[in-house]
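Visitor: Submitted below is the structure of interest, expressed as structure tokens.
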Amino acid sequence: MTDLIARRRQLLGPNVSTFYKDPVHIVKGEGVWLWDAGGNRYLDCYNNVPHVGHCNPRVVEAICAQARELNTHTRYLHQGILDYVERLTATFDEPLNTAIMTCTGSEANDIALRMAEAMTGKRGIVATDATYHGNTTLVSHLSKSNAPEVGYGLGGYMRHVEAPDSYRIEDPDGHRFAAKVQEAIEDLEASGIGFAALIVCPLFLNEGFPSQKDGWLQPAADVARRAGGLLICDEVQSGFARCGSHFWAHQKQGVVPDIVCMGKPMGNGHPVAGLVTKADIMERFRSSFRYFNTFGGNPVSCAAAMAVLEEIEDKDLQANALKMGRLAHERLSDLAAKYDVIGDVRQSGMVFGAEYVLDRDTKEPASDYADRIINAMRHRGIILSKLGRHKNTLKIRPPMPFGEEHLDLLMDTLDAVMAETPVRL
Ligand code: PMP
């Protein structure tokens, strides 16, 4: 282990993050389980990329079968990408019926920003101040956290609005958020940059997945449209049925975006991503820019992605996410009744967590406590993490085949760990 850490430092350079004070050396995965090099088993309550389970046999077989036959790029005719895009777009509402396939979510968001520019002739983008949309030069400008210390790297044409926070900010219908978006749009217009698009994750997952009633995003979407801009939904995390009630989280929000970006779970770990948009936007983009992605949409990626869609449907994983999200909320609420340190419990299907506070009245974040809890859980064989502006909210986002027996193990262990962890040191 020490040897691997030293080699990483030497070969990959400094500041390459690992999870946990004692990093885990994982060597094998299956379903919702992971094993380390010492043969210890962990329940994976964190990873959303192995969406249909680690090393899912259907996905592995689809990748192997296609890799044995052919893998090339999209400048030759191939049925795989067409069959996939047909099946993918069938999960969307009209008029979202065309797609571009990429390898990463960052690339998909990057294209979306260029589409917004091509449609509006303007460049200004509005995003939240606690989001993450990826790592290309363009897209990294959207995330304040990408250059936290030095402050450079933030493009002058981005405006950041206060991220929603259902626990600390009163905004039951989304009007306060919409008003902030309006202000940012006016600022962009006044500066001469002009407003091109609002980009948000419909569940605000990186921001801490606030509790919101269905349709909460509509006022902000209306504001963006009235100003002549596009609505881009970044569903890199929230998509593919994770929210349980719908296949796409924007559907839960009651909006039809102009562009929907996706990635992470799309190929269950195989690097597949992309975006879906309307025909007129696609036409404008294709005639405004030359775009080719060597690996995007290759036959092996499409086979992996198709197997993921089939698996979600065959195993009814959307219904499972809905059921498990509700059960998780109940179990976390039981813990909140027992431990004052839990200030708030939130869930959106197969994403759930609890926000830790030192005092329920002042809501002072218990960030250090959250850190100690996730490290203690790791030593008890449960993989999870924390997120949010104050890094005090448990982030629990397991693979979709997560079942009741797994939830029991997670919650019983969390209960035991909380019982033995002092809130203040
Ligand atoms: N959008 C969101 C909401 C994300 O969470 C991420 C990755 N964490 C990305 C985009 C970037 O995706 P990728 O790492 O595949 O480029």
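Visitor: Run down 305, 241, 273 and say which single residue is of a type in the set (A, V, I, L, M) and within 13 Å of the ligand (Cβ to nearest atom).
Guide: Checking each option against the conditions leaves just 273.
Visitor: OK, next. Look through the range 326-355, keep the residues that are without any contact (Cβ under 8 Å) to a residue 40 or more places away in the chain and in contact with a strand residue (DSSP E or B) (Cβ under 7 Å, 6 or more places away or on another chain), and return whichever of them is surrounded by the fewest Cβ atoms within 10 Å (Cβ to Cβ).
Guide: 333
Visitor: Right, another one. Residue 176 passes all but one of (1) closer than 17 Å to residue 51 by Cβ; (2) free of Cβ contacts under 8 Å to residues at least 60 places away in the same chain; (3) surrounded by fewer than 22 Cβ atoms within 10 Å (Cβ to Cβ); which number fails?
Guide: (1)
Visitor: Another one. Among the residues in the range 69-86, are any of a type in the set (A, V, I, L, M, F, W, C), outside the structural domain of residue 241 (by TED's automatic domain parsing) and in contact with a strand residue (DSSP E or B) (Cβ under 8 Å, 6 or more places away or on another chain)?
Guide: no
Visitor: Still on this structure: Check residue 28 against each of (1) modelled with pLDDT of 95 or more; (2) farther than 30 Å from residue 278 by Cβ; (3) surrounded by 14 or more Cβ atoms within 10 Å (Cβ to Cβ) and name the one condition it does not meet.
Guide: Here residue 28 clears every test but (3).
Visitor: If you don't mind, another one. Is there a residue being crowded, with 24+ Cβ neighbours inside 10 Å, assigned by TED's automatic domain parsing to the domain that holds residue 204 and within 11 Å of the ligand (Cβ to nearest atom) anywhere in the range 251-261?
Guide: The answer is yes; a qualifying residue exists.
Visitor: For the range 89-105, name all the residues that are surrounded by 21 or more Cβ atoms within 10 Å (Cβ to Cβ) and not in a loop (DSSP other than H, G, I, E, B).
Guide: Within the range 89-105, 96, 99, 100, 101, 102, 105 meet the criteria.
Visitor: In addition: For the range 194-227, name all the residues that are aromatic (Phe, Trp, Tyr) and not in a loop (DSSP other than H, G, I, E, B).
Guide: Once the filter is applied, which keeps residues that are aromatic (Phe, Trp, Tyr) and not in a loop (DSSP other than H, G, I, E, B), the range 194-227 yields only 195.
Visitor: Could you count how many residues in the range 281-313 are out of contact with any helix residue (DSSP H, G or I) (no Cβ under 9 Å at 6 or more places or on another chain) and either among the polar types (S, T, N, Q) or more than 26 Å from residue 49 (Cα to Cα) (or both)?
Guide: Total meeting the criteria: 4.
Visitor: In addition: Working carefully through the options 200, 161, find the one that is within 13 Å of the ligand (Cβ to nearest atom), at pLDDT 95 or above, of a type outside the set (Gly, Ala, Ser) and over 22 Å from residue 289 (Cβ atoms).
Guide: 200
Visitor: Cβ-Cβ below 8 Å, separation at least six or inter-chain, first residue in the range 263-278 and farther than 17 Å from residue 80 by Cα, second of a type in the set (Lys, Arg) and buried (at least 24 other Cβ atoms within 10 Å of the Cβ): which pairs?
Guide: The qualifying pairs are 265/242.
Visitor: Would you be able to tell me the number of residues in the range 76-118 that are charged (D, E, K, R) and within 15 Å of the ligand (Cβ to nearest atom)?
Guide: Qualifying residue count for the region: 2.
The values are calculated or read from the model by the stated rules, or taken from the named source; none is laboratory data. Predicted model, so just to flag it, every value in this text is computed and none were measured. For neighbour counting, all protein chains shown are included, and Cβ atoms are generated from backbone atoms with ideal geometry for every residue, glycine included.
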